[in-house]
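Taking it in order: structure first as structure tokens, then the write-up.
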Amino acid sequence: MEGMLIAEGLVKRFGDFTAVDQVSLSVSAGEVVGILGPNGAGKTTTLRMLAGILTPTEGSVRIDGIDLREAPLKAKARMGFLSGDTQLYRRLTPRELLRFFGKLYEVPEPLLSRRVDRLIEELDMASFADRPCGALSSGQKQRANIARAFLHEPRALILDEPTATLDVWSGQFIVEAIRRERAAGRAILFSTHIMSEVEYLCDRIYLVHGGRLVEQGRLAEILERSGCANLTDAFLNRARESEAHQSAVVHTGGPR
Amino acid sequence: MIRWRLAFTLFQKEITETLRDRKTLLMAVGLPILLYPLIAMALTKLQESRAEAQEAVRLKIAVWGRLPGELKSDLERSNKLDLFAGLGLEAGLEARMLAGDLPPIPSAKQEDEAGASESGRATNKVAAAVAEHPLIVAAQALVGARKADAVLVLDPQFQSQVSGGGLARVHVLYDSVRDASGKAQERLSQALEGLRKQEVVRREKAHGLPPGFSKALQVQERNLAPKQRRTGKFLGSILPFLLIVLSASGGLYATIDLTAGEKERNTLQTLLCAPLTGLEIIVGKFFAAWVIVLITTLANLASMAATFARIFAGSGGFQTSVSTYALAFLVLLPATFMLTAIFLSIAVFARDFKDGQNLLTPMFMLLTMPLGATMLPDVELNVWTSAVPLVNIALLMKGVFIAEAKPELIFFTLLSSVLYAGLALSFAARVFQQEQVLLGGRDSWKGLFRFSAPIARDRPSPAFAWTAFAAVFVMVFYVSQLLQGANTIVAVLATQYGFFLLPNALMAWRWRFSAKDTYLLRRPALSAVIGAILIGFSAWGVTAGLVTRIFPPPESFAKGLEKVLLFEGMNVPLIGVWLLLGATPAICEELFFRGLIMGGFRGMGRWPAWLLSSLLFAVAHSSIYRLLPTFTLGMIIAFCAWRSRSIFTGMIIHAINNSLLVTVLHKPEWFKKWGFSEMTYVPWSWGFGLASVMGLGMFFVARSGPKDPVAAEKTRSS
């Protein structure tokens, strides 16, 4: 497998429960890859393992060729993570927050100031950059959050439902920002429930169900294989098939 | 207008939800129901047992002056008092006293009258007469050194006054700050009052006088404790408890906010995916919480000092200085450090703020409840209590307030507190590495205490080294107290083999630490052996000769150590002495300090590894006076073992150094011509000469290996 972000045979168990089972995926530079699945399918656990927040029970993750387990600090420095439910420090302003994370990622000082100013301008944050984050709207918070994830110019971006809590306008703003990052050559892994975003943004798609990868490919390939007219129907069909297969395995005890 | 029906519906929902939270219910109802009977029971039991013990104890009274034999036996028989004639009174002073050459000791009444006259000069004159009176000065020294609990001073004419029917005067000198002394004063006063009544009855009968006509005996009580100590006793009984509890409460909310609060606000995962280690996160959070605790502590101390200054200034008796409060703050540092680390490690388990309060409140109670015992009057800092977490700090503060803290006990208290604080921080760092705990799970308690998984490598981690040292130190500390009655040979063998070598071997076996990598069990190069021999014969010139000049131990300490090293007079052949005091520590201590401990700190770099292992080596010798020389020797040995990559280099230095020093003690006649016995210090010329030989030895050792063997090994293996 080749790519900027590579996962091989990821497994995550919590006691007896297997949340993710043998998931392998890759994202190349300049590519946006979508990861879709119903609630509880294992998407967030997979993304958290890729981001180094959770340690895989089995399998490995490589970011820009660096093994996350062997050199976690180097690997994390090349990766940006953002999720829909990530919040900001209420008593810091977006500018202070960006400077704080810039220091954690060891961005040298003259460069840090330039990047903070540039991101504030690009993401249209000037009007609220010096107000406490606790006083911002959801859309403003998510812009500050995305600036935080972009600040150290990571090679790979992992975005877990970044538009889930936003209105259409704010969501669109984030989507456009992601497109710009793709144009800048970043590898982007993106999970969402909004099918239109997937159709608009993603070069390839992984479909996850019950902790396993059940489908993957380009949008056109998936539609062709499923015989459906749109991604929503294809997604639902594949999910039902996977559920039926799992029920059969449960009832018959599986292959012997 | 309030719609009460709706408000009541809302109230019903809130109370139902709250009461269904079992933890809240437990905290609101269960804990108070259980807590107060428990506290009352524990404190009452403690007080009862101490009161019984105090009642049973016989008190030591110095009697200055001629006490008639029958009075002596009366006093001794009925009041558990042991009387010692002339104890602590110099012959010259006694002669002056008996000859009536000394001015009378001013009575408390005279002092009060001088104070009431509002003339500063009169007050100062009486106060100075009391403070400078030779008998008061001598009594203060005697009672302060705890050689007597009180002093009974009889007027020179005491005997003639008693037999001649006059007024016989006695002074009871005691120190109200010392509980035993207060008790002694109480018993003496009671006994003297009994004697006075007997004498009055006898005289009245003899002269046919009506009852109550004569006075017979005047007892004047004089408190030897200056006002500063008396105020200190009052403050010392309540302030340590208050200060620790209030400082801890500041840390309670800070630690919950920094951990559970961050989880609740969903901001923690941004830190977890940043290029930071768990230790860096915990250290950053820890210091933030500690600063808050220190600010709380400072605010409490400043407010207390100002308030008490005002209260006592009004009554004219406030004597506690700013430096006492500053010292109390310094003493509180390790306690606040430990509390913050414990709170942080517990708070991180909480899913949200409320959960954090539910977890930390019982822990807070558990930690602070034993402090209640420190408020009891006769609970004092001693060798045993100096190792009890938090209680030792409270008792040390009590000692600071009454200006009665011994250097050895301060050393033990601060040392054990720093050790506990380090352990608590290691535990907090370990908790922070549990991803399920960080993400709100609870299923990893087992993982926290499972050491095998994270230490699946051939040498220990720094946290492991620290924990191993703390465990061994506490064992050695308490067992050495228990072995105080035993002879030196048993104590040395038990400590060295039982507490340094055996646990070390068990740990090496259990966690499979590498013999070469951790314990440096390699044959040394010839130049390292030559260097080690040179250092072994010369290092004492630097440690004992030069370093002890900077921080000379008191005579009593040197004599005590000498007594132990001479096996308290037992006849042990020299070869036995070398084996026991030279070879045994060289093997057991080197494998522990330059093996396990330095091996654990090795990953931090050579300087931290040398400094920390030497510091712990010095600390393990349990004496503030041996700290600097032992640390210096530890640094020399650490350098040599590191550079030569062999523990045997260290063992040679340690064995020769110890053997040489004990030989000087056991065979003084061999060294007579060098005039060792007449030396107070090793002369400078000797010191510098020996330092030069040691330098040559270190040069030989340094030549035997690369500058940084760890880096060299890495290069070779890659």
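Peptides B:687-699, B:396-408, A:18-30 ranked from most to least packed give B:396-408, A:18-30, B:687-699, packing being the mean of other C-beta atoms within 10 angstrom over each peptide's residues. Remark: the protein assembly as shown is approximated by an ellipsoid whose semi-axes, taken from the C-alpha gyration tensor as √(5λ), come to 70, 41, 24 Å, largest first. Across the options B:Ile533, B:Phe617, B:Tyr519, the greatest Cα extent toward the positive end of the charge dipole of region B:477-717 (unit charges at beta carbon of Lys, Arg, Asp, Glu) belongs to B:Tyr519. Where only DSSP H runs of four or more residues are counted, the protein assembly as shown gives -18500 deg cm²/dmol as its mean residue ellipticity at 222 nm, each run worth -39500 (n - 2.57). Of all lysines in the structure, the ones whose alpha carbon falls short of 25 Å from that of B:Lys667, not counting any fewer than 8 places away in one chain, are B:Lys559, B:Lys563. Give the distance, in whole Å, between the Cα centre of region B:220-278 and the Cα centre of region A:101-178. Centre-to-centre distance over Cα atoms comes out at 38 Å.
Amide hydrogen proximity for B:Arg522: with H placed 1.01 Å from N in the peptide plane, the residues at 5 or more positions away or on another chain lying under 5 Å are B:Ile647, B:Phe648. What the Cα atoms of region B:555-644 give is an Rg and a Dmax of 15.0, 46 Å. For chain A, excluding the exposed loop sites themselves (GluC sites (Glu not before Pro), DSSP loop, at most 13 other Cβ atoms within 10 Å), the longest remaining stretch covers A:107-256. Peptide B:274-281 has a mean of 5 when you count, residue by residue, the C-beta atoms of other protein chains within 10 Å of its C-beta. Determine, from the Cβ-Cβ distance of B:Arg510 and A:Asp16 and an R0 of 22 Å, the FRET efficiency 1/(1 + (r/R0)^6), rounded to the nearest 0.05. Result of the calculation: an efficiency of 0.15.
Applying a DSSP loop filter and a limit of 15 other Cβ atoms within 10 Å to the trypsin sites (Lys or Arg not before Pro) in region B:136-171 leaves B:Arg146, B:Lys147.
Per-residue Cβ neighbour counts within 10 Å put A:Arg155, A:Arg91, A:Arg148, B:Arg703 in the sequence A:Arg91, B:Arg703, A:Arg155, A:Arg148, beginning with the fewest. Listing A:Phe101, B:Phe412 from fewest to most neighbouring C-beta atoms within 10 Å gives A:Phe101, B:Phe412.
Between B:Arg523 and B:Asp74, the distance separating the two model label sites (each 7 Å from Cα on the Cα→Cβ line) works out to 8.6 nm.
Rg over Rh for region B:232-450 works out to 1.03, using Cα positions for both radii and the Kirkwood form for Rh. Summing Cβ point charges (Lys, Arg +1; Asp, Glu -1) relative to the Cα centre of the protein assembly as shown gives a dipole of roughly 1100 debye. Think of the protein assembly as shown as having a plus end and a minus end, set by charges on the Cβ of Lys, Arg, Asp and Glu; of A:Ala229, B:Phe639, B:Met698, B:Met698 sits farthest toward the positive end of this dipole.
Rule-based calculations on the coordinates, nothing more; no lab input. This is a predicted model, so every value here is computed, not measured. Note that each Cβ is placed from the backbone with ideal geometry, even for glycine, and that neighbours are counted across all protein chains shown.
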